[in-house]
Ligand code: FES
Ligand code: FES
C-alpha cells in the first residue's frame, strides 16, 4: 500500500488539509473526512453526476478525481452555494419549480447548473438539456429542472 | 373586506387540498443536508463488502479466508458457515420461498452473495473482498426460462428439490415454482371457438431494474447491553421489515427499530429484505459494533430487485365489429434462482388479473407459470403495483393487434370496448370491481387536444410518400391501474394485512404532528399529508409536521409502494383528522352553549347556524382542549390514531397519446409529442401530481426505449453498470404535456386514488404502440421492447425501408 500524502485545498472558501492514500477518491475525502455529505454517490463510474462538485471553476465528478490531484485547488460544493444566509438563485428556483423529488441528484444537479450559468448566463432550453446531461435524475423527468435553471438564469440576469 | 374575500383569505392561509403548495421537504435537500443512508456514521462503525460469485451456477468446494484476514484493516470475514449457528444463513422470502443469505454450498446466479468482509473502511473492505479465495466447480446454467422445465434441465434448487410446493400450489418440475390461474377457462375457450375473429401475439416484458439514483444499503447497530437493534435502512416499508427481522432473528419486535431516513428514490427496488441487510445485522450482533453495507451500482443492478421478465402470450376473440368476446393471457415468469417476488400471499402473480384493462370483456382467463433460472431473484414492482405493468402492456398492445387485424382505427377499437361510465362499479370477468371511471370522455379529450384526425392524415401522406425519410407512428394507451392494497381481507404480506395508519397529535397553540406508517422516497408526503389535515381541521399546513419511516415513532403500516400512500394512508389521515374534528365540535358546542346540531363547519371554525358572529376557531379549540373547561367527562387533548383498511383498491386511469418519427436509416425514434391525461380522482397537490407524472413517464420512456438486462448463455450479466444500462438524460427525455379529468373514488374518504405509477404503467405500452404503429402499414404486428435504435434499425433493414 502506498504511503499517505498530505493534500491542502480550499473547500467552499476555507483552507483544509487531509492525509490520504494516493488512491483515495475526492468524493470519499469530502464525504468521509471533511463531513461534506452534500455530494452523493450514485455510480462511482462517472455516469450519474450525483457527486458533481466545482473544481477550479470546472464541473467535475468527484468520484473520478483523486484527492491527491487537488493540491492547491479551489473546490465548491452544494454546501458552499448559500451565501450569508441567502440561498443561491438556483437553490430557490429548484424549490419553486418543483425541480426535485427524492433530492438525491439535487446537490450535483445544482452544482452543475451553477457552473453552466457561469459559462452561459442565458442558455436556451437545448443548452440547458445538454449542459446537464452528465447528471442523471430518476425522479423528475428533467422538465421542472430545466424550468428551474431557466428561472434562476432570469433572476441572476436581473440582479446583474 | 367582502365576505367572500375574507373566506378566501382564510382558505388560502391553510394551503390545504387542491393548492400547489411548495414542498416542505425541499429545504434540506437544496442545501445538501439530506440524511441518506451513506451519510450515516456511527462511532466504531465497520464497513462490509460482499464477495460475489463470478459464476451463474456452481458448487462451492471451499472458501479460504486467510489472505483476506491478513489484509490491513480487515476485521472479519463471514460466510454461510458463520451464520449457521444463529440459523440465519437462509431467510424466508416475500414469495413464500427461502433464499440463501450467504451461498450455502452452491451459487445459483452470478454475483450471488458468498461472503462479507468487515473492515475499518470501504477501501480496506474491498481489498479484503478481493483476497477471499473461493473454490468453485462450475455447473451448467439455465438462462432461458423456456428451457427451465425441460426433462433434462439441471436442477437449480437442490435444497427444495423434493418439495411438492413452495408456497403456492403443486409443482410439476424441480425448476417449477407455481402455476396461477384466474377466470373461467372453459367460458373463455368457448368464446374463442365461436368467435368471428381471433388474434394471438407473443410479447416480452424484458428483465429490467428500477435503478433509483441511490443504491440500497443499511447501517445495523446492535447494542449488546440492552439487546436493542437499530437499523437505518433504505426501505420503502420499515414496519414490514421490522416484522421480518423479528421473525428472522428472534429479537422481540419491540427491541428492533428500523429507520428509513431520507431515501434517494425507490421505485420498488427498496421494498424487499436483501441478504446484505441481514448479513450486516448478524455482523453487528456478532461483533457488537455498527456495520455499514452500501451496494455499488453494479451490485444494485445485478442482484437487488429486478422487475418483469414476463414472457407473455396474448389472445383476443372478437366479433367482426371489434367487440371483444374473450381474452386468454398467459405468461411464463422468470423468477430467477429464488422466488423472492414481492407479492401478497394470495397473489403469487400479483395483480396480473387486471389484464382486462379498461374494457368490458365477458369471458377471460389468465395464467402465469413461474420458473427458476440461474439469474438474480427479486421480482419487484418497478413503479407499478405488483405485475400490473405486465398485464396492462399485454392488453394495450393486444387492442392494437386486434384493430390492425380488423382494419379499425386504434381509438375506435377502444371506444367500442370501454366499460361505459354508467356501468361503474363494474366487476370484471377476472373478479376486480373497478370503482369509478369515465373512459370515453378521457379519450375524446386527448384526441381533440392533439388533433388526432390531422395526425392520421399526416401519417397517411407520409406512408404514401416513398421519399419520406421517416416513418410516423401514433400510439394510444387507455389504461386502468389497480393501486392501494389492501383490503386486508384480500391482501397480506407474511400474514400482516395491508392496512395503513396515521396518528395525529395537536398541541395547545395549534401545531400538529402527524405520524404515518408510509415512507416517502421523493413523493412529497410531508407536504401532501399536511394539506389533507389542513383542509380537514382548518389549521395551516405550514404548522403541520409529518413524520414517517421511524418504527419507534410512527404507528404500524405497510409502507409506500404500489401507489398505496394516498389511497390508504391519505384515507387514514383524513379519518384520524375527522375523529379530532368530532371532539372539537363537542368542545365548540360546550363553549358556545348550543347543541352540536346547531353548529356548522366553515373553513377553520365551527359557527352557530343563523348566528355567524358566534363561532369558535379551531385554534381556539386547540387551547381549550388543554384546559379544564371541557364538556363533562371529556378527557383533555386532541389526539387520534386511525388504522385504515380500505374497502377496495382504487382504479386510477388515463388516456395517453404519443407521436413518434422513426428515422428509416438509423432506426432512431424521436418522440415528437407525448400527451398524458390522468384521472386520479381528487387532486391533493397538483404540482406534486404533475411532478410524479413527469417522472413516471420518463421511467416508462426508459423501459420502452432502452432498458433491458441481458445475459449470455452461461448466465453472465452483459450490462450492469450505467455505461450499459439505459437511464435517460435530459437530452433524450421528451417533453411531457399533461392533462387531467377528475372522477372521484366512491369509497375513499377524500375521493382520491393513487397516481404516481399510472404514467409508468400507461406510458410503456403507449411508446410501444407508437413505434409499432410506424410499421403497421408494412404488416408488422409486434416488436418487443426495448425499441433502441439498433433494434428498430434491424426492423427497417428487414423490411427494406432503408434502401435509398
Ligand atoms: S457517483 Fe460520480 S458520477 Fe456517479
Ligand atoms: S430527484 Fe430523485 S434522482 Fe433527481
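Taken together, the values in this text are just the output of simple stated rules run on the coordinates, not laboratory data. Here the structure is a predicted model, which is why all the values come from computation and not from measurement. Note that we place each Cβ from the backbone using ideal geometry, even for glycine, and neighbour counts take in every protein chain shown.
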Legend entry - Averaged over B:210-216, number of beta-carbon atoms from partner chains that fall within 10 Å: 6
Inset, instruction - Return the whole-Å distance between the Cα centroid of the stretch B:403-429 and the Cα centroid of the stretch A:95-151. - result: 41 Å
Legend entry - chain A: translational diffusion in µm²/s, Stokes-Einstein, Kirkwood Rh over Cα pairs, 10 °C, 1.306 mPa s: 100 µm²/s
Inset, instruction - Could you compute the FRET efficiency for residue B:778 and residue B:193, with r as their C-beta to C-beta distance and R0 at 30 Å, rounded to 0.05? - result: 0.40
Inset, instruction - Sticking with the crude label model, points 7 Å out along Cα→Cβ, report the distance from residue B:105 to residue B:228 in nm, one decimal please. - result: 4.1 nm
Legend entry - Computed lengthening from residue B:602 to residue B:665, 0.36 nm per intervening residue step minus Cα-Cα distance: 16.2 nm
Legend entry - Exercise: per-residue mean of other protein chain Cβ atoms within 10 Å, A:33-46: 5
Legend entry - Relative packing of B:365-376, A:35-46, which averages over residues the other C-beta atoms within 10 Å, highest first: B:365-376, A:35-46
Inset, instruction - With a 10 Å radius around each residue's Cβ, average the other Cβ atoms per peptide and rank B:123-135, B:525-537, B:571-583, highest first. - result: B:525-537, B:571-583, B:123-135
Inset, instruction - Please report how far the C-alpha centroid of the stretch B:267-292 lies from that of the stretch B:580-606, rounded to the nearest whole angstrom. - result: 50 Å
Legend entry - Prolate/oblate/rounded label for chain B (Cα gyration tensor, a/c 1.5): oblate
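Within 10 Å of each Cβ in peptide B:263-269, how many partner chain Cβ atoms are there on average? Round it to a whole number, please.
4
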Inset, instruction - Under a 10 Å cutoff between Cα atoms, tell me which one of A:140, A:111, A:76 has the largest fluctuation in the Gaussian network model of chain A. - result: A:140
Inset, instruction - Please report, in whole Å, how far the alpha carbons of the stretch A:5-80 spread along each principal axis, starting with the longest. - result: 28, 25, 21
Inset, instruction - With everything on Cα atoms, drop me the angle between helix A:106-119 and the longest principal axis of chain A, reported from 0 to 90° to the nearest 10. - result: 80 degrees
Inset, instruction - Between A:60, A:146, A:18, find the one with the highest GNM mean-square fluctuation for chain A; connect C-alpha pairs within less than 10 Å. - result: A:18
Legend entry - Taking the convex hull of Cα positions in the protein assembly as shown, its mean projected area over all directions (nm²): 43.1 nm²
Legend entry - Distance between modelled label sites at residue B:61 and residue B:4, nm, 7 Å Cα→Cβ extension: 8.7 nm
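If you count, for each residue, the other Cβ atoms within 10 Å and average over each peptide, how do B:178-189, B:691-702, B:587-598 line up from highest to lowest?
Descending packing order for the listed peptides: B:691-702, B:178-189, B:587-598.
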Legend entry - Between helix A:143-159 and chain A: long-axis angle, C-alpha atoms, 0 to 90°, nearest 10: 90 degrees
Legend entry - Simple label model, 7 Å out from Cα along Cβ direction - residue A:122 to residue B:421, nm: 4.9 nm
